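Shown next, in C-alpha cells, is the structure this report addresses.
The values are calculated or read from the model by the stated rules, or taken from the named source; none is laboratory data. These numbers were taken from a predicted model, which means no experiment stands behind them. Note that we place each Cβ from the backbone using ideal geometry, even for glycine, and neighbour counts take in every protein chain shown.
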Amino acid sequence: MHEAGIAMSIIETAAAHLEKSGYGKVDSVSVRIGAASGVVPECLRFAFNAARAGTPLENAELLIEEVHVKGLCPACGKSFITEEKYFLSCPGCGQPGVRMVAGRELDIMEIEVS
Ligand SMILES: [Zn+2]
C-alpha cells in the first residue's frame with residue numbers, strides 16, 4: 001500500500017523534528033494533499049493510525065487539508081478548479097492541453113509538539 005510508506009515518512013519526519021525541538025511528544029501533524037497526488041486521505045489516515053503505535057506520535061492527530069485540482073488553460077488564459085483528478089479539455093474554450101497548477105501537493109505543513 002502506497003499510503004503506508006507515506007505515513008511512515010510523515011512519522012519519521014515528525015519524529016526527527018521532535019528530537020531537534022527538545023519537546024516530548026507530537027500533538028499533531030498537518031499535511032496538504034492534492035486530489036491528483038494519488039494519495040487517498042482516508043487510506044493515509046488509516047495507515048498513519050496503524051503506524052504511529054510505539055512512536056513519539058502515538059497520540060498525534062493527522063490533520064489533512066485536501067487541495068482541489070486547479071487548471072490553467074494556455075489557449076484562453078482562464079484558470080479553474082475541479083472536483084475531478086484531471087482535465088481532459090478546457091471547460092471554458094474546449095481546447096486540450098490544460099496545465100495543472102495545483103492538486104499534486106503532498107506536503108507536511110506543520111508539526112505541533114509539546
Ligand atoms: Zn480555455
**OP:** Please find, within segment 38-49, the residue that is farthest from the chain's Cα centre (by Cα) out of those that are on the phi < 0 side of the Ramachandran plot and outside any helix (DSSP H, G or I).
**Re:** VAL40
Original post:
Restricted to segment 65-114, and to residues that are within 15 Å of the ligand (Cβ to nearest atom), among the polar types (S, T, N, Q) and in contact with a strand residue (DSSP E or B) (Cβ under 7 Å, 6 or more places away or on another chain), which residue is modelled with the lowest pLDDT?
Top reply: THR82
Original post:
Within segment 50-100, can you find the residues that are in a strand (DSSP E or B) and of a type in the set (Asp, Glu)?
Top reply: GLU61, GLU65, GLU66
Subject >> Members of segment 101-114 that are outside any loop (DSSP other than H, G, I, E, B) and surrounded by 15 or more Cβ atoms within 10 Å (Cβ to Cβ) >> reply: ALA102, LEU106, ILE111, GLU112, VAL113
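Please enumerate the residues belonging to segment 4-37 that are in a helix (DSSP H, G or I), surrounded by fewer than 20 Cβ atoms within 10 Å (Cβ to Cβ) and out of contact with any Ser or Thr (no Cβ under 7 Å at 6 or more places or on another chain).
ALA4, GLY5, MET8, SER9, GLU12, THR13, ALA16, HIS17, GLU19, LYS20, SER21
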Original post:
Is it true that some residue in segment 54-64 is modelled with pLDDT of 95 or more, of a type outside the set (Ser, Thr, Tyr) and within 16 Å of the ligand (Cβ to nearest atom)?
Top reply: no
